[in-house]
Amino acid sequence: MVPAMEEPAVTPSTEPAAPEAREAGRIASLQATTQARLAAARARAESARRSNPVVDVGFRSVEVRDRQLLVNGAPIWIFGVNRHDHHPTRGKAVTVDDMRDDLLAMRRHNITAVRCSHYPNDPRFLDLCDEIGMYVVDEANIESHAYNTSLCDDDRFRSIVRSVLEDDGYSVVAEASTAGEARAMARIHQPDVVVIDLVMEGSDGLSTARDLLADDPQRPVVVISSLFDGQVEREAARLGAWYLEKAEGPEALEHLIDDAVAVAHPR
């Protein structure tokens, strides 16, 4: 009988680990520590953001002086376009990146202003305009093309001109909605001045001014407008009418009417 041989005893190796293994272990430990610290930092930042949101704050002045739009006292030009929320493949489902692409394309073509036609836009769009440097007409959903006639006949929308005239000591003797009415009332009441609001009168406004001045060249006709159209202004001047953009404000309208009456009826 052959006796069984004993298994040799296995003793732990006392040789040091290879340098590559030690370096790999150290890197793994550093990576784990770094990831943990980054996660903690992100959590702290998010907590701080939620409790103390960051808001961009600035100061500016906007005014119209000498018929020039000034921002912080410096004259600016407005080159604007209308914009709709639209993507060629996703329709109205636009993303923030889509909005940014729209604005950057506009700036590359020297566009400085955008009109949100015809509804309030995503607040993030306004933030992007602020970031990129774009003036905004933040429009409300109040398009009223279908109501031109009814608005022209609604006294509530004539109250601003009436109040300016009455505050300046004039008596509003009549108001008209059409060119024919205006000429008839001017003949009946013989007013010192006739004020035509091009927004109310629409495209008939300048023809009304022409007819009134033909009837009585000595009676001043004041044309006020929100059109910012140099051609309209030049045509009004050619007809012999006084002209004012509404953006210049009620005080400017008051002074213009006083000047028109003073020239027509010197004391």
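Couple of notes before you dig in:
- Extension gain for the segment Asp127 to Gln190, taken as residue separation times 0.36 nm less the Cα-Cα distance, is 17.3 nm to one decimal.
- For Val195, the residues 5 or more places off, or on other chains, whose built amide H falls under 5 Å of its own are Val222.
- Efficiency of FRET from Cβ geometry, Lys92 and Ala214, R₀ 51 Å, rounded to 0.05: 0.50
- The length gained by stretching the chain between Glu63 and Asp258 to full extension, at 0.36 nm per residue less their Cα-Cα distance, is 67.9 nm.
- Take the Cβ atoms of Arg108 and Glu175, set R0 to 41 Å, and the FRET efficiency comes out at 0.25.
- Highest to lowest packing among 74-81, 188-195, scored as the average C-beta count within 10 Å: 188-195, 74-81
- Between Arg44 and Glu139, the modelled labels are 4.9 nm apart [label points 7 Å from Cα along Cα→Cβ].
- Relative packing of peptides 211-219, 88-96 - highest average C-beta neighbours within 10 Å first: 211-219, 88-96
- If R0 equals 45 Å, the separation of the Cβ atoms of Asn82 and Asp167 corresponds to a calculated FRET efficiency of about 0.80.
Bear in mind that the values in this text are calculations on the coordinates, not laboratory data. What you see is a predicted model, and the numbers here were worked out from it, not measured in a lab. Cβ atoms come from the backbone with ideal geometry, glycine included; neighbour counts cover every protein chain shown.
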